[in-house]
Structure formats: structure tokens, C-alpha cells
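For reference, the structure discussed in these notes is given below.
The values are calculated or read from the model by the stated rules, or taken from the named source; none is laboratory data. Model, not experiment: these values are computed from the prediction. Positions of Cβ are generated from backbone atoms using ideal geometry, with glycine treated the same way; all protein chains shown enter the neighbour counts. Surface areas here come from the heavy atoms of the whole protein model, side chains and all, with no ligands, DNA or RNA. Shrake-Rupley method; radii C 1.70, N 1.55, O 1.52, S 1.80 Å.
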Protein chains: 2
Amino acid sequence: MQLNGVQIMCSSELEEPLTYFLQSDLAAKGIEVRRRSDFDDVLTANILAQDANEIPDDMELTAYFAIGIEISDIISQIKAKLLELKNYGFKTDNVEFKVIQVCDKMWQNQWEKFYHRVDFSRSLAIVPEWECPKPLNPHQIVIKMNPKQAFGTGTHITTQLMLMVMERVLLSEMSVLDVGTGSGILSIVASKFGASNVCATDISDDAIASAKKNLALNDIDNVELKQANLLTGVNGKYDLILANMLAEILYQLIPHLSDHLARNGRVIMSGIDCEQLSRIEKLLSENGFTVSLKIQEKRWFCILVSQKSN
Amino acid sequence: MQLNGVQIMCSSELEEPLTYFLQSDLAAKGIEVRRRSDFDDVLTANILAQDANEIPDDMELTAYFAIGIEISDIISQIKAKLLELKNYGFKTDNVEFKVIQVCDKMWQNQWEKFYHRVDFSRSLAIVPEWECPKPLNPHQIVIKMNPKQAFGTGTHITTQLMLMVMERVLLSEMSVLDVGTGSGILSIVASKFGASNVCATDISDDAIASAKKNLALNDIDNVELKQANLLTGVNGKYDLILANMLAEILYQLIPHLSDHLARNGRVIMSGIDCEQLSRIEKLLSENGFTVSLKIQEKRWFCILVSQKSN
């Protein structure tokens, strides 16, 4: 099989929003990122001039699509998205596009070259299926992932901030609701962290298939997968709700959180751009919630949300 | 032995800054805190009216001092501090003081009643010497503390945020410098998290004695204690510098960090009030640093600081 690819040379600021958009909205089959900063150490160590020419000025992001997808349409949609991101204050000048074609096998190799183990913290590592799952220390939990099919493989800032708060919050046997599970990563971590039961929803067929595969990879049997639009068809109340998604979708979710939150239950939200935080906080307050912890990395916020005491 | 105490009825917002001040500046031997919110569940469960009278309106903070200390002086100094905190935007209206006396034995009982295990996260618990050090799960590291002598026993927000970032950063065998170690808690955690060697400084005799005791309690042998004012007399360079202290002291520390930071080394700073963050960030930038992660809880910030790439 052959794959179409589009290579985007742009500011590394755009990595998260573009990746999100390419995977969620444009159904990219895979994304590769090369940043100049990844090569800084090599450069200072006297890299050969001809190799240096291949290194991107700032970032080179390559997205792969199944054959049959019209790449010119894809580029038009990316350009529209860039205009929107410009309004949020992102740097979108001097973006360049290049169309490429690769055969599936070559892409597989490329993929495996760029997806590596993430030692997320002392207590958690996310390892691609094809790498050795040895823990860094006796206390570390290792999650295996096949990162090919859906968003959320532990390399994105929004997921990493979410995991940081989960490590702090998931102390006892909680019931957990994971809205928009994608690859299933947060449900797998919740289960490994001792959740009593997890309900994971996603609207996309691909996500459900990918989550199912990743749950099996990690021998998880207490996660119920549900194909659903956000909370539609979800019953019961949960001690912890996880929502790692774009702020636009969080806006829709917030008014329905109370219906699914147990007494003293909490919510962790990630995927919030700094420009959107104040609107999220206002909406939370109007719906009886308060923000008890905030983490920021680059432009991204993750927040821990509690019910206001009456 | 008898102890003097002063009971302060005030807004729970003041818990951290007052505790810090009472322990660091006024050498309080111990602090107890009772918040109304701690009793909320009990109240809704039909508590008897006479018991409810004993519950503080918002927070009751009791500080104990050795006999011989003039409590009226202490109260004057607290009042001056409250004026300063008011300028930072804290609620300082309607603060009431009450002088109390207790015998040492009674205080010991009170103390043990109020100091409890903190299951800080899935991977770390801080347990007072007299409680059972059983981990919550097989992955949890348990630190034993005798919390009586110095600031920093894991119950303060500033320490907890620091620990959150340490869990994320301390992956490999790093050398660590802990400036203003207090009870020694951060050095003990760093050592348990696999630091190759730790140098811990503090200017106070009490802190050094307390840290020594706590290191022994946890069988730690790779922490070097040094009685020193910040970095004075500290030699060598470290992969990670920990500085959990008031922003006023961080200002003094920042210009000297580079001298003690290894290549690609990082700094975690905690104890920063939200009003002081922008000054800290400016000073860091002027000294060649950039903030790569921020965590906020209530008014307190903890930041992860990296060297700007050249």
C-alpha cells in the first residue's frame, strides 16, 4: 500500500495544535515530527555540513494519509486552521508545504524510527509495542502502546500533564470515566494505577478499535469501551472524570459533568490553550466547580477541578 | 516543660504564609491547624450543637513556643506580618488572637493528634515517625519523618508541588543540591528517588539537627549536610537544584545558580506567591534561564527552570 504525505515546515509552537487537528479532524494515519532542537547537541558536536542541510530550520511535521485522500484538500484545510491559530497568537508566518509519497513499508520504518519510549516519570513509562518494556526502577509501571491508530500516545504535552495530575489523585480504588479515550492510554494508566472500574468513551470507530488493541496489549480487563459522543448514553456516577480534549469540546462537556460525578468527585481536564483558560474557568464556576490545581507547559494547561462546597 | 501558645482565628487563605512565618522567622516549636472545611462532612451528619460551637468559623491556627518567649512580642510581629500580607491581597480582616499555655506532654499528644500520614501521591507517602509506614500499593515509597523540629514535613502546599515536579524530573542518577533543606525532606526524597549524591544546606542549627535525625530515620547515607547560608561554601556543579523557600530568598539565590548547575542542569523552585511570580520570571530570564513548567495551587507556584539554549 502507498501513503500520501504532506510535510509542513513551521514553528515548533504549532506542534500540538497541528497534530491534534491532523489526527482528529483530518484522520491522518500517522505524524512524524523533527525539531531543530532535537539536533542541537549533535550540531555543537561538529556535524558534517551536508547533514546539517537536512535539519529543519525550526520544525518539520510530516502527516501521512491513506491513498485516495486528496492532498490539495488537506493543505487547504490546514491553511484555514493556521488562520484560526494565528488569531490565538500562534506564529504562522513562513509555513511551507511539500507533498510526498511513501510506500507503507517505508512509512512503518519511519514510524518506528520516530516513536520511542517515554519515561514519563519515575513511576510511569509509555513504551511502543516494539521496544523493550523494562522498567527504569522497581517502582515504575510500564504501559505498552501501539501508537499507530489514534491520538494520545504519551508524547503530547496535554497527555503528559494529565498523567502528572493522575499520579497525584488516583490514590484509592476510584471509579473513572475517560471521555474521548483515543488510544485508550488514560484508561490503561487509570486501571494500572488501581482504579476499580473505568468507562471509556469515544465517538470514532478508529479510536475504539485502537483502544481495544491497547487494552489487550496491557492485559486490562476492567475498562468498558463505549462508542459514544462525549457523555451520551453514559450511566452512573464516577469518582474521577478524565477529559483530554480541545477546549472547544470541553465547553460542551462542562454543563453535563455534575450528572456523572459522585459526591466529592473530581475532574481532570487537559488540552486547554492559555488563551482559552479564562473561558473554561468561568464556565466551570457557573456550573458549581472550582479549579484546585493548574499545570502549565508551553501554551498548554491541565487543571484539576473540584465541586464547590455548599 | 511548659509551652506558650498563641491561637489565631483567621481566614484559611493565611495558612501557608503564617505557618512559614511562624516557623522560619519566629521559631515556633510546632503548629496545629483546624479548618472548618475539615468538619464539613461531620456537620452535615448532624453534629451536636455544643460540639459545633468548638469548630472554627474558618481556620484556627495554633503556634507553640518555648517557655521564656514573650507572647505579646510574638503577637506584635504577627500583626506586622498580617499588614504585609494584606498588601499582597490576602484577607486579614477579623483576625483574633488568644494566648494559651499547655504542658509539654499535653502538647505532644496534641501534636500527634494533628500530624498524620500524607499519601502525597501513588508513589510517595510521608509518614510521621509514630505511625505505621505501610505503603498504599507495592509501588509506593514511604518516607518517615519526625516533624517536630523544622519546617517542611510534606503537609505544606509548597513542599507538595515541589515533590510533584521531582517525581517527573528525577529519572536517572542525578547529583542534587537542596538549598535550605529544613527538615531534610526533599533530600530524603531525592535520595529515595535514586539521586547519586545530595548536598543539603541550611543556615539554622535546628534544621541541620532535624535533617540529620530524619536522614537516619530513613537509612540515608548519600546526603551531605552543610550548615551554610544558601550557596556559600558549596563546591561543584549539580544536575538538579531544589529551592523551596520564600521568594525574597529566591531573589538572592538566582544570580548564583549558574555557578552550581551542570550542563543541561535544572532547578525546581517552590514557595513563590502568585504576586511574586513575574519578578522571579524576569530575574530568571536576565540570568539566562527559562521556565519550562509551572504548577499553581491556591496562591502558590512551583516552577521547573532550565538553562536557555545558546
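Points to keep in mind about this one:
- Scanning the stretch A:56-115 for residues that are part of a helix (DSSP H, G or I) and touching a helix residue (DSSP H, G or I) at 6+ places or on another chain (Cβ under 6 Å), we see that the one that is modelled with the lowest pLDDT is A:Leu85.
- Residue-level check: of (1) open to solvent by 10 Å² or more (accessible area, probe 1.4 Å); (2) out of contact with any Asp or Glu (no Cβ under 7 Å at 6 or more places or on another chain); (3) away from chain A (no Cβ under 13 Å); (4) assigned to a loop (DSSP other than H, G, I, E, B), B:Trp130 misses just (2).
- Only residues that are within 14 Å of chain B (Cβ to nearest Cβ), surrounded by 13 or more Cβ atoms within 10 Å (Cβ to Cβ) and in a strand (DSSP E or B) were counted in the stretch A:263-289, giving 4.
- A count restricted to the stretch B:133-143 and to residues that are modelled with pLDDT under 90 and part of a strand (DSSP E or B) stands at 0.
- For the stretch B:4-38, the set of residues classified as open to solvent by less than 10 Å² (accessible area, probe 1.4 Å) and touching a Gly at 6+ places or on another chain (Cβ under 8 Å) is empty.
- Within the stretch A:213-242, if we keep just the residues that are under 22 Å from the mean Cα position of the chain (by Cα), assigned to a strand (DSSP E or B) and not β-branched (Val, Ile, Thr), the residue that is surrounded by the fewest Cβ atoms within 10 Å (Cβ to Cβ) turns out to be A:Glu224.
- When residues of the stretch B:251-262 are limited to those that are of a type in the set (A, V, I, L, M, F, W, C) and under 28 Å from B:Phe21 (Cβ atoms), the one farthest from the other protein chains (Cβ to nearest Cβ): B:Leu253
- Looking only at residues of the stretch B:290-310 that are within 10 Å of chain A (Cβ to nearest Cβ) and in contact with a Ser or Thr (Cβ under 6 Å, 6 or more places away or on another chain), we find that the one that is nearest to B:Gly180 (Cα to Cα) is B:Cys302.
- Search result, residues across the stretch A:28-55 that are hydrophobic (A, V, I, L, M, F, W, C), modelled with pLDDT under 55 and in contact with a Ser or Thr (Cβ under 8 Å, 6 or more places away or on another chain): none
- Residue satisfying all of: in the stretch B:170-212; assigned to a strand (DSSP E or B) and of a type in the set (D, E, K, R); farthest from the other protein chains (Cβ to nearest Cβ) among these: B:Asp202
- Flag: A:Leu253 matches the condition of being closer than 28 Å to A:Leu293 by Cα and not in a loop (DSSP other than H, G, I, E, B).
- Total residues in the stretch B:250-262, condition open to solvent by 60 Å² or more (accessible area, probe 1.4 Å) and either of a type outside the set (D, E, K, R) or within 13 Å of B:Val176 (Cα to Cα) (or both): 3
- Odd one out for B:Ser191 among (1) open to solvent by 10 Å² or more (accessible area, probe 1.4 Å); (2) more than 27 Å from B:Asp119 (Cβ to Cβ): (2)
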